[in-house]
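Heads up, the thing below is written out as structure tokens.
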Amino acid sequence: MPKVKRQRNSYSIEQKKIVVTYTTQHGRNAASRHFEIDKTMVGCWIKASETWTNKINDKNMQVDFGRKAFYLEAEKELYNWVLEQRKKGLAVIFVTIRISMNEILDRTDMVALYDGSEDDAIYKEIDEFLREIENEREEEELEIVDMDDNDDSE
């Protein structure tokens with residue numbers, strides 16, 4: 001039997017929840033026929049529905065996607081500081097970012113906001129923050145193309 005070519009669709013979480021509840025009442029094949037969805041997709045939704053939480057927004061199924069900011073306010077200040085340094089044309093390296101993050105966290109308003117006792121966590125957060133900044137920087141550099149490098153005329 002030849003496979004039927006179906007158009008790809010995107011389904012919201014609410015639609016998936018309706019299909020899953022129908023499936024628990026009537027079965028996977030019946031739900032597949034009723035909603036005109038492939039039965040393997042229905043099976044995947046049933047399996048995935050066990051991990052769905054209230055944190056999921058209506059259009060996106062990825063739960064806790066990305067990194068959570070541990071020091072949210074301090075990271076915002078550090079990010080702005082890094083942008084200012086780059087606008088001035090100064091080189092921003094790991095050591096200077098680590099020092100400035102420690103200076104930000106040593107201020108009295110930040111000490112009151114955060115406990116100040118998780119030094120190892122600070123360094124891990126700084127490392128992850130640096131990776132994000134480097135990824136942004138690499139993306140910006142990829143947008144700039146130097147046409148002189150491709151000159152092969154001899």
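Among the residues making up the stretch 21-45, those that are hydrophobic (A, V, I, L, M, F, W, C) and within 19 Å of residue 10 (Cα to Cα) are 31, 35, 37, 41, 42, 44, 45. Scanning the stretch 75-117 for residues that are modelled with pLDDT under 75 and exposed (fewer than 14 other Cβ atoms within 10 Å of the Cβ) turns up 111, 112, 115, 116, 117.
The values are calculated or read from the model by the stated rules, or taken from the named source; none is laboratory data. These numbers come from a predicted model, not from an experiment. Every residue, glycine as well, gets a Cβ built from its backbone with ideal geometry; the counts of neighbours run over all protein chains shown.
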